[in-house]
Amino acid sequence: MSDDHTHVQEFFSARATDWDSRFPDDGPAYAAAVTELGLREGDRVLDAGCGTGRALPPLRAAVGPSGVVLGADLTPAMVHAAVRAGRDRDGRLLLADVAALPLRSRSLDAVFGAGLISHLPRPAENLRELARVVRPGGVLALFHPIGRAALAARQGRQITPEDLRAEPNLRALLAGSGWRMTSYVDEDARFLALALREH
C-alpha cells in the first residue's frame, strides 16, 4: 500500500466512530447536492469515497428500487461505520480504492464524491478512473457541505491560488481527465462542481 493510502486510512480510521456526530446537520446539503445530479429511476450511481455513507439514502431515493447504488471507500473503519448506521440497506458497500475501481468501463450513469478531491493522491489520474466507469454523458458531482473559505477557516489555514478546488484549477483538471465542468458553486454553505463525462 502506498504512503498516500496509508495516510488517508489513518486519518479516517481515527475519525470514523464519531464522524456523523461531528457533522450532524449535513443531511439536507447532501440531499440537495444529490438532487442536482439529475438522477432518474433505474440509474446506476457510485458514491466515491463514501465514508460513513451519508449520501447513500438520498442516492437510493433518487434512483429508486430499480437503480443501483454503490459506495466505495478505502478505509475499513468508515465502511464499518456505514454498516453500523444501516446505510448498507441503501447501497452496496465496497472496500475499494477509487483509483482502481472493481467496475466495468462505462457501467455507471453518475459518480458522487463528497470531500473527495482533496484526498486523491493523483487527482488527474484518479478522475480519469472515475471517467472510465461512467458512460459518455454521465455526471460527476464533487461536493462538500461547506465552501472552500469556510473549510479553510475551520482548519485554520488560508486558501491559496494552488487550491485544486479553485474554479480555474478544477475546470482544467477535469478537462484533462475526461470531464467537462458544467456548473460551479462555492458558497459558505456548500461547494458543488458538476461535470459531464466527455465521449
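The values are calculated or read from the model by the stated rules, or taken from the named source; none is laboratory data. Bear in mind that the values here come from a model prediction, so they are computed numbers and not experimental data. Here the Cβ is made from the backbone with ideal geometry for all residues, glycine too, and neighbour counts use every protein chain on show. Note: areas computed on protein heavy atoms with side chains; ligands, DNA, RNA excluded. Shrake-Rupley method; radii C 1.70, N 1.55, O 1.52, S 1.80 Å.
For the reader, a short list of remarks on this structure follows.
- Scanning the stretch 147-183 for residues that are open to solvent by 30 Å² or more (accessible area, probe 1.4 Å) and touching a Leu at 6+ places or on another chain (Cβ under 7 Å) returns LEU164, ARG180, THR182, SER183.
- Just one of the listed residues (LEU116, LEU95) is open to solvent by 70 Å² or more (accessible area, probe 1.4 Å) and either free of Cβ contacts under 8 Å to residues at least 40 places away in the same chain or under 20 Å from THR52 (Cα atoms) (or both), and it is LEU95.
- Complete set of residues in the stretch 123-152 that are out of contact with any strand residue (DSSP E or B) (no Cβ under 7 Å at 6 or more places or on another chain) and either among the aromatic types (Phe, Trp, Tyr) or touching a residue at least 24 places away in the same chain (Cβ under 8 Å) (or both): PRO123, ALA124, GLU125, ASN126, ARG128, GLU129, ARG132, ALA149, ALA150
- Taken over the stretch 127-148, the residue count meeting the criterion of being at pLDDT 90 or above, closer than 29 Å to ASP25 by Cα and out of contact with any Asp or Glu (no Cβ under 6 Å at 6 or more places or on another chain) is 8.
- Reported count of residues in the stretch 56-68, each being outside any loop (DSSP other than H, G, I, E, B) and open to solvent by 10 Å² or more (accessible area, probe 1.4 Å), is 6.
- Residue list for the stretch 113-127, restricted to those being under 14 Å from the mean Cα position of the chain (by Cα) and either over 18 Å from LEU174 (Cβ atoms) or of a type outside the set (Gly, Ala, Ser) (or both): LEU116, ILE117, HIS119, LEU120, PRO123, ASN126, LEU127
- Residue satisfying condition, being over 13 Å from the mean Cα position of the chain (by Cα) and either assigned to a loop (DSSP other than H, G, I, E, B) or more than 15 Å from GLY113 (Cβ to Cβ) (or both), within set GLY53, GLY38: GLY38
- For first residues located in the stretch 184-197 and free of Cβ contacts under 8 Å to residues at least 60 places away in the same chain and within 27 Å of ARG132 (Cα to Cα), partners that are among the acidic types (Asp, Glu) and open to solvent by 50 Å² or more (accessible area, probe 1.4 Å) and lie 6+ apart or on another chain with Cβ distances below 6 Å form the pairs TYR184/GLU167.
- Residue match in the stretch 69-79 (condition: of a type in the set (A, V, I, L, M), out of contact with any His (no Cβ under 9 Å at 6 or more places or on another chain) and open to solvent by 40 Å² or more (accessible area, probe 1.4 Å)): no
- Criterion (at pLDDT 95 or above and out of contact with any helix residue (DSSP H, G or I) (no Cβ under 7 Å at 6 or more places or on another chain)) met by exactly one of ARG22, ARG60: ARG60
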